[in-house]
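Peer 1: Mind looking over this structure? Questions follow.
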Amino acid sequence: MAGVDVTSAVTIARPREAVAAFASDPDNARKWYANIEAVEWETPPPVRAGSRIAFVARFLGRRLAYTYEVRELDPGRRFVMSTAEGPFPMETTYTWEDGPDGGTRMTLRNRGEPSGFSRFSAPVMATAMRRANRKDLATLKDLLEAEV
């Protein structure tokens, strides 16, 4: 069975440092991720490599509780976190690049290898994830551009 690897991107009319600082702060996740219901720090903030953050989300009608560990943080450029928990171990990567007219191109990538029964629904999960990511990035864009 193939894994899931979904990449979505958006251009936001805000400086790269501002977009990256907001998006990589777990305390802001509920503001722009529609499916995130709760965020709780397991290690003290601020976010850095090794930080552990527990999330509760709703996806495809199911409640998911998982803990992400920050694997990489290159402020303003790249943020990688992953979880090995549950039926769907996942890695999430954000990257930011300077875009046109002082804006920022943000890319959101989710990839993982479903196990157990979840592996059979990987194509459905990928489609739903792609749709959710596009909506979440549009929300992030609206939120950050409204701050200008």
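Here, each number is a calculation from the coordinates, and none is a lab measurement. Every value quoted in this text rests on a predicted model; they were computed, and no experiment measured them. When we count neighbours, we look across all protein chains shown, and the Cβ atoms used for this are built from the backbone with ideal geometry, even at glycine.
Peer 1: Could you give the angle, 0 to 90 degrees to the nearest 10, between helix 122-146's Cα long axis and the longest principal axis of the Cα atoms of the chain?
Peer 2: Approximately 20 degrees, to the nearest ten.
Peer 1: Extent of the range 1-143 along each principal axis, from alpha carbon coordinates, in Å, largest to smallest?
Peer 2: The principal-axis extents, from largest down, are 46, 32, 23 Å.
Peer 1: Amide H neighbours of ALA49 under 5 Å, counting only residues 5+ apart in sequence or on other chains, H built in-plane at 1.01 Å?
Peer 2: Those qualifying (amide H under 5 Å, at least 5 residues apart or on another chain) are LEU73.
Peer 1: Can you tell me, using C-alpha contacts under 8 Å and at least 6 residues apart, the relative contact order of the range 4-146 as a whole percent? Provide the component values of the computation, followed by the final result.
Peer 2: Numbers: 288 pairs, mean separation 45.3, N = 143.
It comes to 32 percent, rounded to a whole number.
Peer 1: Taking the Cα-to-Cβ direction at ALA38 and at ARG131 and moving 7 Å from each Cα, how far apart do the two end points lie in nm?
Peer 2: 2.7 nm
Peer 1: Subtract the Cα-Cα distance of ARG63 and ASN28 from 0.36 nm times their separation in residues, and report this length gain in nm to one decimal. Intermediate results must be reported in sequence, preceding the final value.
Peer 2: Working: separation 35, 0.36 × 35 = 12.60 nm, distance 1.99 nm.
Extra length from ARG63 to ASN28 when fully extended: 10.6 nm.
Peer 1: Spin-label point model (7 Å from Cα, Cβ direction): what's the GLU85 to GLU147 distance in nm?
Peer 2: For the pair GLU85/GLU147, the computed spacing is 2.7 nm.
Peer 1: Report, by chain and number, residues whose modeled amide H sits under 5 Å from the one on PHE59, excluding near sequence neighbours (fewer than 5 apart, same chain).
Peer 2: Residues meeting the criterion, in which the H sits 1.01 Å from N, are LEU64.
Peer 1: Going by amide H atoms built from the backbone, whose H comes under 5 Å of the H on GLY99, apart from near neighbours?
Peer 2: Answer set, sorted by chain and number: THR104, ARG105.
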